[in-house]
Amino acid sequence: LEFQQKVEAIVKKQAETNESYKVNNAAVISIEPITGHVKAMVGSKDFADEEIEGFNNMVLAKRQPGSSFKPIVFASAFERGLAPGHTIFDIPIKIGEDEPQNYDGEFMGPISVRKALGQSRNIPAVKAYFVAGEQDSIISFTEKIGIKSLDRRSDYGWPLSLGTGEMSLLELAQGYSVFANQGKLREIN
């Protein structure tokens, strides 16, 4: 109960900070990776606030995870031989008519996979998508780590590497818990 109350206070405080970014809510899920036990869950800064639809549990709502999905794409590529110390090129690329960009509009040239992931570079993540075997292989990997929302019938394409496939925060936490538990999946309970 004490941990839950602390998390509730943190969510309220963070939600105030989020307002400067024109975001009106916040949510948290905390899981014990070894057991899969939910330690704390806060679905909204204020359940009673109808203006922000506080009654909707944002931990369970499906949203695009954005860059928080990149580690999963890279982990899938690691299964196919990519390694953190390998060099990857953060340079302009063209995929059909698309020209993916980094968030800062800059390119870093040859960098380690570790640095590319650590700095959340988009171009290396897109390249990791192809190394991982593209959409079907990545979805297979996500299913192994407990993320079930991605739809094989959807045509996400390379933007999947940038987190365009919708999933819940609960599922994303489930996937990250596998990393924290040395690759072992413990279903959330």
Residue check, residue 114 open to solvent by 20 Å² or more (accessible area, probe 1.4 Å), touching a strand residue (DSSP E or B) at 6+ places or on another chain (Cβ under 9 Å) and of a type in the set (D, E, K, R): no
Checked the stretch 47-69 for anything part of a loop (DSSP other than H, G, I, E, B), over 19 Å from residue 159 (Cα atoms) and of a type outside the set (S, T, N, Q); matches are 47, 48, 49, 53, 54, 55, 58, 59, 60, 61
What residue, of 39, 12, is closer than 20 Å to residue 174 by Cβ, touching an Asp or Glu at 6+ places or on another chain (Cβ under 8 Å) and outside any loop (DSSP other than H, G, I, E, B)? 39
Mind listing whichever residues of the stretch 15-36 are of a type outside the set (A, V, I, L, M, F, W, C) and assigned to a loop (DSSP other than H, G, I, E, B)? 22, 24, 25, 33, 35, 36
Those residues that are under 18 Å from residue 163 (Cβ atoms) and assigned to a loop (DSSP other than H, G, I, E, B), I need them from the stretch 94-120; list them, please. 100, 101, 102, 103, 104, 119, 120
Lone qualifier among 136, 155 - being part of a helix (DSSP H, G or I), surrounded by fewer than 21 Cβ atoms within 10 Å (Cβ to Cβ), out of contact with any strand residue (DSSP E or B) (no Cβ under 6 Å at 6 or more places or on another chain) and free of Cβ contacts under 8 Å to residues at least 24 places away in the same chain: 136
Residues being without any contact (Cβ under 8 Å) to a residue 40 or more places away in the chain and crowded, with 17+ Cβ neighbours inside 10 Å: count how many of those fall in the stretch 95-111. 3
When you check residue 147 against the structure, is it more than 28 Å from residue 38 (Cα to Cα), in contact (Cβ under 8 Å) with a residue 12 or more places away in the chain, assigned to a loop (DSSP other than H, G, I, E, B) and open to solvent by less than 70 Å² (accessible area, probe 1.4 Å), yes or no? no
Only one residue in 123, 88, 72 is assigned to a strand (DSSP E or B), open to solvent by less than 70 Å² (accessible area, probe 1.4 Å), touching a residue at least 24 places away in the same chain (Cβ under 8 Å) and closer than 29 Å to residue 180 by Cα. Which one? 88
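The values are calculated or read from the model by the stated rules, or taken from the named source; none is laboratory data. These numbers were taken from a predicted model, which means no experiment stands behind them. Glycine also receives a Cβ, built like all others from the backbone with ideal geometry; neighbour counts cover every protein chain displayed. Heads up: the accessible areas ignore ligands, DNA and RNA and are worked out on the full protein's heavy atoms, side chains in. Shrake-Rupley method; radii C 1.70, N 1.55, O 1.52, S 1.80 Å.
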